[in-house]
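A.B. asks: Structure below; questions to follow.
The values are calculated or read from the model by the stated rules, or taken from the named source; none is laboratory data. The structure presented is a predicted model; accordingly, all values stated were derived computationally and were not measured. Cβ: placed from backbone, ideal geometry, glycine included. Neighbour counts: every protein chain shown. For the accessible areas, the whole protein counts, side chains as well, though only heavy atoms, and no ligand, DNA or RNA atoms are used. Shrake-Rupley method; radii C 1.70, N 1.55, O 1.52, S 1.80 Å.
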Amino acid sequence: MKKIIKNGFIVNTEGVMKCDLLVEDGIISAMGVGFEDKEAVTIDASNKYVLPGPIDVHTHMDLQSGALRAVDDFYNGSIAAACGGTTTIVDHIAFGPKECTLQHQLDVYHGLADSNSVIDYSFHGVLQHVDKDILLEMEKLMKGGIPSFKAYMTYDSRLSDDELLQVMKTVKKVGGVLTVHAENHEVIEYLKRSFVEQGKTQAKYHALSRPSHTEAEAVARLIHISAMADYPNLYLVHISTEESLNEVRKAKENGAKNIFVETCIQYLMLTDDKYLLPEGEGLKYVMSPPLRKKKDCDALWKAIQDGIVQVIATDHCPFYFKDKVEYGLNDFTHCPNGGPGVEERVRVLFTEGVIKNRISIQHFVEIASCNPAKIMGLYPKKGTIQPGADADLILIDMEKSGVIKEDLLHGNAGYSLYEGYHYKGEIEMVMQRGSVIVDHGKFLGSKGDGKFINRICPNF
Ligand code: URP
Ligand code: ZN
């Protein structure tokens, strides 16, 4: 089936160009002007911006976290993503049984996603212990379609510094990417214990037990370890503080290479005063790292402008408010960590970034689509509009606006962290490999239509 997308303003990182796109068998086959074809379905994109499908490389669909499971699975979570204009996710999968292989968890997640996801997807491998077999398995997976792995410096299945060095050396050898959740576990555990011992159990102590230095120290340590592994591709997930950014900047000025920084939309938009909200409302914002100060939000925007931050993701990991309250009201340390965001990211980032003139529309494409694709090995199939790329596209009408309201969203959490937010720039249409999966807010896709994407090791 052929489609012609006519007269849109096509946005890539290099610039904006008014032209037509010819799509054949889900692939962009040509770009030009005056395309006509009687056999093709024509979509009028006049006065609309046409962007490469945004990619969220940090979601947690169907994540088991302690006693609770994140409440969006790959079916409804991917519908939420699609309706929010995201056409591909790369999911951070849950830890498996102790000592399990890397393939074990990938198999579990294929079982959860394969006939469910409505958009294209992949998984980051998850590291929870390190030995010779794991390192060999990493090499095999990196060469076979899973080039990125996640290591945690906190939580029970965290890696030690020597394990981090070993996996970094392996990543360096093959050319994959190590993504890391950087927080100083011991200090956080000590602070959590001391607050609880003093009866300081309200949501605000979640933030106070994870001060900015706990992230910045871990970031600095990680960068020093990466230097010892000759700078493999190191991707810092959900960076939230000015201090961490300073560590990255300083390291880069001193010659550190291959460091990529992700932040998430909540760290650009929301601050730690949310933890003071009454009646357990503050628990909605319990996530790790926690929300920070206004100065951190400002520093993150500046770091986007400077190119220190390359990717904006969500860390989408929703739980029901009632469960957050049941587990966390008497003790923040038992509150399930994480919140929703996959459906809100594009609209909020577009408004805050492009409409408010913090970044250009090309820069938006860079941080929401192109950089995630390049860093995570999806490019040039995804993250760009060019002949040969998948026709994953969104059409944005700059003149239209709307308000984020939970009852219009498709996630299961039952609340949005951005309730009542006025956005400008409406997503009129979402296409996945040439098929219209969302049209004026109406989901038209089908369960299982998303494909697992074999990724390639990025080449910088
Ligand atoms: O609080 C968060 N971010 N929950 C999801 C798991 C993680 O730490 O990324
Ligand atoms: Zn996460």
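A.B. asks: By a straight-distance test (C-alpha under 17 Å), which lysines pair with LYS451 as possible cross-link partners, with residues fewer than eight away in the same chain excluded?
C.D. replies: Within the straight-line cut-off, LYS451 pairs with LYS381, LYS382.
A.B. asks: So which trypsin sites (Lys or Arg not before Pro) in the range 329-371 are both in a DSSP loop and have at most 11 other Cβ atoms within 10 Å of their Cβ? Write out the running numbers ahead of the final one.
C.D. replies: On the way: sites: ARG345, ARG347, LYS356, ARG358; in loops: LYS356, ARG358.
Passing both the DSSP loop test and the Cβ count: LYS356.
A.B. asks: What accessible area, in Å² to the nearest ten, does a 1.4 Å probe give for CYS317?
C.D. replies: For CYS317, the solvent-accessible surface is approximately 10 Å².
A.B. asks: Less than 16 Å apart at the alpha-carbon level, and either on another chain or at least 8 residues along: which lysines does that give for LYS3?
C.D. replies: List returned: LYS38.
A.B. asks: Would you calculate the convex hull of the Cα atoms in the chain and tell me its volume per residue in Å³?
C.D. replies: Details: hull volume 58.1 nm³, N = 460.
So the per-residue Cα hull volume is 126 Å³.
A.B. asks: Follow-up. Per the Kirkwood definition applied to all pairs of different Cα atoms, how many angstroms is the hydrodynamic radius of the range 49-134?
C.D. replies: Value: 13.7 Å, from the Cα pair sum.
A.B. asks: Could I ask something else about it? Which FRET efficiency, nearest 0.05, do LYS18 and LYS38 yield, Cβ-Cβ r, R0 22 Å?
C.D. replies: On the way: r = 23 Å, r/R0 = 1.06.
That pair, LYS18 with LYS38, gives E of 0.40.
A.B. asks: Computed from the mean reciprocal separation of all distinct C-alpha pairs, what Kirkwood hydrodynamic radius does the range 254-366 have, in Å?
C.D. replies: Details: mean 1/r = 0.0655 Å⁻¹.
Radius from the Kirkwood sum: 15.3 Å.
A.B. asks: Expected output is a single nm value to one decimal: the length gained when fully extending between ASP298 and SER401, i.e. 0.36 nm times separation in residues minus the C-alpha distance. What is it? If you can, show how the numbers build up before the last one.
C.D. replies: On the way: separation 103, 0.36 × 103 = 37.08 nm, distance 2.46 nm.
This chain segment gains 34.6 nm when fully extended.
A.B. asks: A follow-up question, please. What spacing in nm lies between the two simple spin-label points modelled at ILE355 and LYS143, each 7 Å away from Cα in the Cβ direction?
C.D. replies: Distance between label points: 5.0 nm.
A.B. asks: Right, here's the next one. For the range 103-249, what is the Kirkwood hydrodynamic radius in Å, using each pair of distinct C-alpha atoms?
C.D. replies: Working: mean 1/r = 0.0600 Å⁻¹.
16.7 Å is the Kirkwood radius here.
A.B. asks: Using 7 Å Cα-to-Cβ label points, what is the LYS200/PHE460 separation (nm, one decimal)?
C.D. replies: Here the answer is 3.8 nm between the modelled labels.
A.B. asks: Shape verdict for the range 1-148, please, from the Cα gyration tensor: rounded (a/c under 1.5), prolate (a/b greater than b/c) or oblate. Numbers along the way, then the final one.
C.D. replies: On the way: a/c = 2.94, a/b = 2.25, b/c = 1.31.
Prolate, because a/c is 1.5 or more and a/b exceeds b/c.
A.B. asks: Further, regarding this structure: Quick one: pull the percent of accessible area on the chain belonging to carbon and sulfur, 1.4 Å probe, ligands and nucleic acids left out.
C.D. replies: Working: 8710 of 17410 Å².
The nonpolar share, carbon plus sulfur, comes to 50 percent.
A.B. asks: Let's see if you can work this out: charge +1 on each Lys and Arg Cβ, -1 on each Asp and Glu Cβ, no other charges. What is the dipole magnitude of the chain about its Cα centre, in debye to the nearest 20? Mind dumping the intermediate values first?
C.D. replies: On the way: 50 positive and 63 negative charges, 145 e Å.
With only Lys, Arg, Asp and Glu charged at Cβ, the dipole is about 700 debye.
A.B. asks: May I ask you to derive the relative contact order of the chain, considering only C-alpha pairs under 8 Å and at least 6 residues apart, and to give it as an integer percent? Each step should come with its number before you reach the end.
C.D. replies: Numbers: 1118 pairs, mean separation 104.8, N = 460.
Relative contact order comes out at 23 percent.
A.B. asks: Distance in nm between label sites at ASP306 and HIS224, each 7 Å beyond Cα in the beta-carbon direction?
C.D. replies: 2.1
A.B. asks: Here's another thing I want to ask about it. If you count only protein heavy atoms and use a 1.4 Å probe, how large is the accessible surface of THR42, to the nearest 10 Å²?
C.D. replies: Looks like 80 Å² after rounding.
A.B. asks: A further question on this structure: So if R0 is 56 Å, what FRET efficiency would SER46 and ARG69 give, r being the distance between their Cβ atoms, rounded to the nearest 0.05? Can you show the working numbers first?
C.D. replies: Values: r = 45 Å, r/R0 = 0.80.
Given R0 = 56 Å and the Cβ-Cβ separation, E is 0.80.
A.B. asks: Using a probe radius of 1.4 Å on heavy atoms only, what accessible surface per residue do you get for the chain? Whole Å² is fine. Before the final figure, lay out each step's value.
C.D. replies: Details: 17410 Å² over 460 residues.
With the other protein chains kept in place, the chain gives 38 Å² per residue.
A.B. asks: Please work out how much length the chain gains when fully extended from TYR190 to ASN412, using 0.36 nm per residue of separation minus the C-alpha to C-alpha distance, in nm with one decimal. Intermediate values should be presented prior to the final figure.
C.D. replies: Details: separation 222, 0.36 × 222 = 79.92 nm, distance 3.39 nm.
Answer, rounded to one decimal: 76.5 nm.
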